[in-house]
Amino acid sequence: MGKYFGTDGFRGEANINLTVEHAFKVGRFLGYYYGKDHKANVVIGKDTRRSSYMFEYALVAGLTASGADTYLLHVTTTPSISYVVRTEGFDCGIMISASHNPYYDNGIKVFNGNGCKLEAEVEDMIEAYIDGKTGEIPLATREDIGKTVDYAIGRNRYIGYLISLATRSFQGKKVGLDLANGSATTIAKGVFDAIGAKTYVINGEPDGTNINRDCGSTHIKRLQEFVVENELDVGFAYDGDADRCLAVDEKGNLVCGDKIMYLCGVYMKKRNDLANNTIVTTVMSNMGLYEALDRQGINYVKTPVGDKYVYENMQQNGHSLGGEQSGHIIFSKLAATGDGILTSLKIMEVMLESKATLSELCKDIQIFPQHLVNVRVKDKSVFRNDKVIADYIAEVGERLGKEGRILVRESGTEPVIRVMAEAKTDELCKSVVDDIVAKIKEQGHAV
């Protein structure tokens with residue numbers, strides 16, 4: 001990870017550690033970098049945060065000042081940017097979003113011309129330019145100055161693509177959607193309605209400050225209640241930019257990303273669509289998933305946390321399914337990034353083609369209890385080099401033995417250390433995590 005760019009772009013609190021000046025310089029560099037031998041074409045989308053408009057205009061100013069033409073999809077999802085870039089010949093795409101973070105945070109996610117997350121070496125060059133370590137970039141003049149184009153049609157083409165993926169009508173199915181007051185509000189309901197579902201929506205009225213607030217994939221309880229209260233067949237919850245999806249079965253039970261990978265993997269294997277008979281997971285995936293995959297004879301690999309690492313592994317090895325427990329699920333034959341709405345369509349396909357309820361499809365996978373605590377720290381690098389902490393984590397891990405596992409990792413987007421334990425009982429999980437968090441505080445790292 002660099003100074004500004006983490007595992008999922010440049011993220012921070014708006015106008016605190018991610019400012020309009022940062023956005024302008026990102027735009028200036030990208031317009032220059034992709035426009036060295038031709039006029040660059042860049043597509044931009046944003047989520048519903050109040051600050052997204054501010055960053056959109058700053059990016060546009062930087063891009064056009066460097067000579068790039070910019071195409072605005074307006075409020076749209078992160079995966080739609082990836083889709084439009086790779087299918088319509090853009091040089092790169094930019095999504096303004098802090099994903100599942102609170103409304104006061106924001107971020108800049110950049111995709112290359114293949115619709116994949118920007119290469120680390122290009123991020124390094126952007127950071128060097130922001131910090132004034134490279135020469136000044138020339139300003140475009142006269143007819144070379146870039147223009148801005150309303151490109152809502154690109155979002156509409158993406159909607160058409162999603163609709164085309166349905167293998168059969170959703171007629172007769174009652175589907176609940178928690179739109180997180182975010183990007184999905186412009187796309188998801190229209191897709192499900194077009195395929196024939198009876199669609200019920202909650203948290204679909206963004207006001208600039210309510211994105212992810214007690215809703216969406218990070219606050220699933222309301223959707224669970226909603227599905228049961230309205231006797232729905234299934235519910236889907238997205239995050240702020242709709243690149244992740246969690247589901248709720250007809251009984252109100254949570255279907256996490258691990259369960260989604262399991263049911264889709266089993267279905268794809270039966271149809272000979274699971275390339276290499278392998279699912280790509282991250283180190284956060286649950287032991288219960290691996291036990292279930294072993295029983296099904298499905299292989300798996302583990303990557304660091306972050307859907308960019310999952311996709312890199314899939315591309316390098318030709319795998320067709322991968323994802324994260326948090327709901328970033330990638331179907332590499334259909335998309336180059338996690339796509340929450342696409343994921344929900346694939347779950348519907350599995351349900352309809354298997355003629356089974358979601359609870360029936362998940363009955364053979366038992367997720368082990370997990371307990372996760374996020375600790376905001378003063379300095380992640382100081383924490384990382386604390387041998388007392390490292391030794392204590394190893395000691396607690398030995399105490400846990402084969403009854404579970406511990407994972408302590410840095411957030412790629414925040415000054416946060418995530419402490420997670422997984423074991424056969426909730427009590428054991430909580431005890432282990434509490435001990436480690438107490439040690440972190442004792443060592444003076446916690447804010």
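No value in this document is a laboratory result; all are computed from the given coordinates. What you see is a predicted model; the values in this text were computed from it and never measured. Please note: Cβ atoms are built from the backbone with ideal geometry, for glycine as well, and neighbour counts cover all protein chains shown.
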* Share of alpha-carbon pairs per 10 Å distance bin for the range 53-173, given as whole % -> 11, 36, 35, 13, 4, 2, 0
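Please list 323-332, 345-354 highest first by mean number of surrounding beta-carbon atoms within 10 Å per residue.
Output ranking for 323-332, 345-354: 323-332, 345-354.
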* Asked: So what is the 222 nm mean residue ellipticity for the chain from helices alone, if each DSSP H run of at least 4 adds -39500 (n - 2.57) and you divide by all residues, rounding to the nearest 500 deg cm²/dmol?
  -> -12000 deg cm²/dmol
* In terms of modelled amide H atoms, which long-range or inter-chain residues lie less than 5 Å from the amide H of Ile279? -> Asn299, Tyr300, Val301
* To do: Jot down the per residue volume, in cubic angstrom and as a whole number, of the convex hull over the alpha-carbon atoms of the range 370-442.
  => 76 Å³
* **Burial ranking of peptide ranges 284-294, 41-51, 183-193 (average Cβ count within 10 Å, highest at the top)** => 41-51, 183-193, 284-294
* **Relative contact order, percent, the chain [alpha-carbon distance under 8 Å, six or more residues apart]** => 13 percent
* Can you list the HN-Hα couplings for the range 175-184, worked out from phi with the Karplus curve (6.51, -1.76, 1.60; θ = phi - 60°), rounded to whole Hz and with x for Gly and Pro? -> 10, x, 10, 9, 8, 6, 6, x, 4, 5
* Which residues' amide hydrogens lie under 5 Å from the amide hydrogen of Cys245, considering only partners 5 or more residues apart or on another chain, with H built in the peptide plane? -> His328, Ile329
* Asked: Across the range 155-163, in residue order, what do the Karplus-derived ³J(HN,Hα) couplings come to in whole Hz, using 6.51 cos²θ - 1.76 cosθ + 1.60 with θ = phi - 60° and x for Gly and Pro?
  -> 5, 5, 5, 5, 4, x, 5, 4, 4
* Calculated over the range 165-361: convex hull of Cα atoms, volume per residue (Å³) -> 108 Å³
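Listed highest first by mean packing, meaning other Cβ atoms within 10 Å per residue, what order do 357-364, 23-30, 337-344, 95-102 come in?
Packing proxy ranking, top to bottom: 337-344, 95-102, 23-30, 357-364.
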* **Estimated dipole of the range 187-228 in Debye, rounded to 20 [Cβ of Lys and Arg +1, of Asp and Glu -1, Cα centre]** => 120 debye
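Report, in debye and to the nearest 20, how large the dipole of the chain comes out about its Cα centre when Lys and Arg carry +1 and Asp and Glu carry -1 on their Cβ. Walk me through the numbers before you get to the answer.
Numbers: 52 positive and 60 negative charges, 106 e Å.
Rounded to the nearest 20 debye, it is 500 debye.
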* Structure fact -> Counting only residues 5 or more apart in sequence or on a different chain, those whose built amide H sits under 5 Å from that of Thr148 are Thr70
* Asked: Can you tell which of Tyr32, Thr141, Asn299 lies farthest toward the positive end of the dipole of the chain, using +1 and -1 charges on the Cβ of basic and acidic side chains (Lys, Arg; Asp, Glu)?
  -> Asn299
* Asked: Within the set Lys174/Lys355; Lys3/Lys109; Lys221/Lys302, which residue pairs have Cα atoms separated by over 18 Å?
  -> Lys221/Lys302
* How far apart, in nm, are two points set 7 Å out from the Cα along the Cα-to-Cβ line at Lys270 and at Lys221? -> 3.5 nm
* Structure fact -> Per the rule of 0.36 nm per residue minus the C-alpha distance, extending Val301 to Lys251 adds in nm 14.9 nm
* Structure fact -> Residue-ordered couplings for the range 50-60, obtained by feeding phi - 60° into the Karplus form 6.51 cos²θ - 1.76 cosθ + 1.60 and rounding to whole Hz (Gly and Pro as x), are 4, 6, 5, 5, 4, 6, 4, 5, 5, 5, 4
* Structure fact -> Of all DSSP beta bridges having both residues in the chain, the percent classed as antiparallel (nearest 5) is 55 percent
* **Correct choice for Cα extents along the principal axes in Å that was computed from the model, options (i) 72, 60, 40; (ii) 70, 49, 45; (iii) 66, 59, 42** => (iii)
* Based on DSSP, what percent of beta bridges with both residues in the range 7-120 are antiparallel, to the nearest 5? -> 45 percent
